[in-house]
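Enquirer: Below you will find the structure I want to go over with you.
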Amino acid sequence: MLVVTSMGSKKVLRWVVLILAFWGNLHSLEAQWETLEFPGVGRDFPEIEALAFFDQENGIAVGEDGVVLKITQAGEQWDTVLYNPTYQYEAVVVTHNATAIAVGHKFPLPPCGGGDDDGIVIKTTDGGNTWTTAFTKEGLWSLDFPSIQVGYAGADCGQAYKSTDAGASW
């Protein structure tokens, strides 16, 4: 049996109100998420590792099985524009306008220093319609561009790469 003094009852009441308010807000946050069906993909949908948007309507998603998806119509349409199951993409950033860069690694990941093409960098300058490819010695996991020209990619085996030409070379 819980016995509360008048001074303690105010504290208990505050905690009960706080917990109920938190629980109600948590439930309302969950209710705002919607599961998407991914029309246009045409196969079992791969695990998405990263997304980036050019604007409110158009974006890029990358993930396992070396899949790159072009997102249009504010997420209503998802089309496979690149598929390379040799690689898995881990990160994507939009650097400006219709330019995006994504990075990844061979799958399964070979040991450190295993080859000259264990890491992959892909770049589009036309909103995801076409892509160019560059390779690195180590698999790539993360990516950021603090400016249009300068970018950094985190790699396996304690390595990092830097691009000073908008991702053309690393």
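Here, each number is a calculation from the coordinates, and none is a lab measurement. Since the structure is predicted, the reported quantities are computational estimates derived from the model, not experimental observations. We place every Cβ from the backbone using ideal geometry, glycine too, and count neighbours over all the protein chains shown.
Enquirer: How far apart, in nanometres, would the label points at Ala160 and Asp117 be if each is projected 7 angstrom from Cα along the Cα-to-Cβ direction?
Expert: 2.8 nm
Enquirer: Same structure, new question: Once both labels are modelled 7 Å past Cα along the beta-carbon direction, what's the Glu34-Ile48 spacing in nm?
Expert: If labels sit at Glu34 and Ile48, their model points lie 1.3 nm apart.
Enquirer: Lys pairs in the stretch 45-170, Cα-Cα under 16 Å, at least 8 apart or on separate chains: how many?
Expert: Lysine pairs satisfying the spacing and distance rule in the stretch 45-170 number 4.
Enquirer: Let me ask something else about it. Calculate the spin-label point distance for Thr72 paired with Ala98, positioning each point 7 Å from the Cα along the beta-carbon direction, and give it in nanometres.
Expert: That separation, rounded to one decimal, is 1.1 nm.
Enquirer: Among residues other than Asn129 whose Cβ falls under 13 Å from its Cβ, what is the net charge (Lys/Arg +1, Asp/Glu -1)?
Expert: Residues near Asn129 contribute 0 overall.
Enquirer: Per residue, what volume in Å³ does the Cα convex hull of the stretch 83-127 take up?
Expert: Residue-normalised Cα hull volume stands at 76 Å³.
Enquirer: Pairs of Cα atoms under 8 Å, at least six residues apart: use those to get the relative contact order of the stretch 127-170, whole percent.
Expert: Result for the stretch 127-170 is 30 percent.
Enquirer: With a/c under 1.5 counting as rounded, go ahead and sort the stretch 35-170 into rounded, prolate or oblate using the C-alpha gyration tensor (a ≥ b ≥ c being the square roots of the eigenvalues; past the cut-off, prolate if a/b is larger than b/c, else oblate).
Expert: oblate
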